[in-house]
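Nothing in this text is a laboratory measurement; each read-out follows from the coordinates by a stated rule. This is a predicted model, so every value here is computed, not measured. Counting neighbours? That spans all protein chains shown, and the Cβs are built from the backbone with ideal geometry, glycine included.
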Amino acid sequence: MSSLILNPHKPPYGAIQQFDSLGMMEMLYTPIITALWHQKHDMKGATMDSDPQSSAAPIINIIGEKILFGPVRHDLLPLYLRWYNDFEVNRTRIFTWRPITNEAAQTLYQRISQEEGIGSITFTLYERATARPIGLSYLFNIDYFSQTAEYGIVIGEKDCWGKGYGSEATRLMLDFGFTGLSLHAIRLRTLSFNTRGIGAYRRAGFQEVGRWREAHRLGGRAYDVILMDCLASEFSSPALSTLVPDPE
């Protein structure tokens, strides 16, 4: 897949619309990226290369008001590993708590990188103001025949909680699923005590469609699993519709 890579010494200009090997239009907004480049260089001479978590400017696929989407990166595996080993970060996810080894993270990365565009698609989330990686957003169990998928998100940097990043990332992922993949329905499962997450999902366009009662146990207590979905017919594209050509 072709991608735009930012040159840390020269701001890019012009509108860019590129296509990957499958003919899918990539989501690249060069004027906004240019503004980001200038913003980074106005911060006391710092550049994206000076970010301790990144040796190079990140590849960007989708740009929102607060969030950037980019591919998963092998050099960020230590960061992903830290997020997945933080039980506080993962307390609202539906799986049994357990430590994740470096070897398991390597295996997971290989699976994700090889399945891109097939059964799952994962993006690294960046804070737009700083270009700092802060989490992951993904579609999985993608069924191109039924045009359905499931959604998941992890905001690993806790200082980024409560800033609206989750709502925007969810909205942009719905946009990608409906506009970029032509899906009809996107679903998710979450836990009943995840009130902040449920609020973010509702603001993005999801609605509750059911629940599995007392289906998840934590600390000796039982919690409902909340089922939510969003249909393409109920969603208005906030960003990617501008890349869809007008009908002939």
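Conditions tested, residue by residue: (1) in contact (Cβ under 8 Å) with a residue 40 or more places away in the chain; (2) surrounded by 15 or more Cβ atoms within 10 Å (Cβ to Cβ); (3) not in a loop (DSSP other than H, G, I, E, B).
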position	(1), (2), (3)
L172	yes, yes, yes
F176	yes, yes, yes
I186	yes, yes, yes
Y201	no, yes, yes
V225	yes, yes, yes
D246	no, no, no
Exercise. Yes or no: I118 of a type in the set (A, V, I, L, M), under 18 Å from N61 (Cβ atoms) and surrounded by fewer than 17 Cβ atoms within 10 Å (Cβ to Cβ)?
Worked result: yes
Residues in segment 188-199 that are assigned to a strand (DSSP E or B) and surrounded by fewer than 19 Cβ atoms within 10 Å (Cβ to Cβ) total 1
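Matching residues to (1) on the phi > 0 side of the Ramachandran plot; (2) small (G, A, S):
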residue: G162; (1), (2): yes, yes
residue: Y165; (1), (2): no, no
residue: F176; (1), (2): no, no
residue: T190; (1), (2): no, no
residue: T195; (1), (2): no, no
residue: R213; (1), (2): no, no
residue: L218; (1), (2): no, no
residue: S236; (1), (2): no, yes
Checked against (1) under 16 Å from N90 (Cβ atoms); (2) part of a loop (DSSP other than H, G, I, E, B), S236 satisfies every condition except (1)
Screening G180, G166 for residues that are touching a strand residue (DSSP E or B) at 6+ places or on another chain (Cβ under 9 Å) and without any contact (Cβ under 8 Å) to a residue 40 or more places away in the chain leaves only G166
### Query
If we scan segment 86-107, do we find a residue that is within 22 Å of P238 (Cβ to Cβ) and among the aliphatic types (A, V, I, L, M)?
no
